[in-house]
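The values are calculated or read from the model by the stated rules, or taken from the named source; none is laboratory data. All values derive from a computational prediction rather than experimental measurement. Please note: Cβ atoms are built from the backbone with ideal geometry, for glycine as well, and neighbour counts cover all protein chains shown. Keep in mind that these areas ignore ligands, DNA and RNA; they rest on the heavy atoms of the full protein, side chains included. Shrake-Rupley method; radii C 1.70, N 1.55, O 1.52, S 1.80 Å.
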Amino acid sequence: MEKGIEIRQAHFPKRAPVDVYGNGGFRFADMSHCGSILCLPSGIYGWYPEKTIPALNELSRVLAEANDIEILLVGTGEDLCLLSAEVCDVLHLHHIIVEPMSTGAAVRTFNVLLSEDRAVAAALFAVQ
């Protein structure tokens, strides 16, 4: 039986700098993704948070890779939004420094730290 189009979760299996952001998405590694992304040591994943501030359950993939992450940059959109105390506490328990900032600032900081081969990850909300 012939199989139809298969939709899989978006995933790029390497670390890569973010080349462009805006227009509701991101460009990296000669690819583009419409929507928010998680940039982790294991690769770049499509991310579908419910609000502009991530809930703890939306960061489960980050926690799964906590041993390989020193700094988590959270790009909260066009403006800075503070994270909940619960999210900060759990990340600190996993020895992850969390830095919320606008998405533009998070992208720039992520690219610099990545070029320095730092143990950095980013949770980036898409912006228009």
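Of everything in the stretch 54-105 that's of a type in the set (D, E, K, R) and over 14 Å from V120 (Cβ atoms), which residue is most open to solvent (accessible area, probe 1.4 Å)?
The selected residue is E78.
Restricting attention to the stretch 27-43, does a residue exist that is open to solvent by less than 30 Å² (accessible area, probe 1.4 Å), modelled with pLDDT under 95 and aliphatic (A, V, I, L, M)?
No; the residues of the stretch 27-43 include none that is open to solvent by less than 30 Å² (accessible area, probe 1.4 Å), modelled with pLDDT under 95 and aliphatic (A, V, I, L, M).
Say we look at the stretch 8-35 and pick out the residues that are aliphatic (A, V, I, L, M) and free of Cβ contacts under 8 Å to residues at least 24 places away in the same chain; which of these is farthest from A122 (Cα to Cα)?
Top of the filtered list is M31.
Restricting the stretch 115-128 to residues that are open to solvent by less than 30 Å² (accessible area, probe 1.4 Å) and not in a strand (DSSP E or B), which is farthest from E78 (Cα to Cα)?
Taking the candidates together, the pick is F125.
Just to be sure before I move on: is L63 outside any loop (DSSP other than H, G, I, E, B), in contact with a helix residue (DSSP H, G or I) (Cβ under 9 Å, 6 or more places away or on another chain) and either among the polar types (S, T, N, Q) or under 23 Å from A10 (Cα atoms) (or both) in the structure I sent?
yes
In a helix (DSSP H, G or I), under 21 Å from R15 (Cα atoms) and over 12 Å from the mean Cα position of the chain (by Cα), is that true of V112?
In short, yes.
Name the single residue that is most open to solvent (accessible area, probe 1.4 Å) among those in the stretch 44-53 being in a loop (DSSP other than H, G, I, E, B) and either in contact (Cβ under 8 Å) with a residue 12 or more places away in the chain or among the hydrophobic types (A, V, I, L, M, F, W, C) (or both).
It comes out as Y48.
Count, please, the residues in the stretch 106-128 that happen to be in contact (Cβ under 8 Å) with a residue 24 or more places away in the chain and under 15 Å from I37 (Cα atoms).
Number satisfying all stated conditions: 13.
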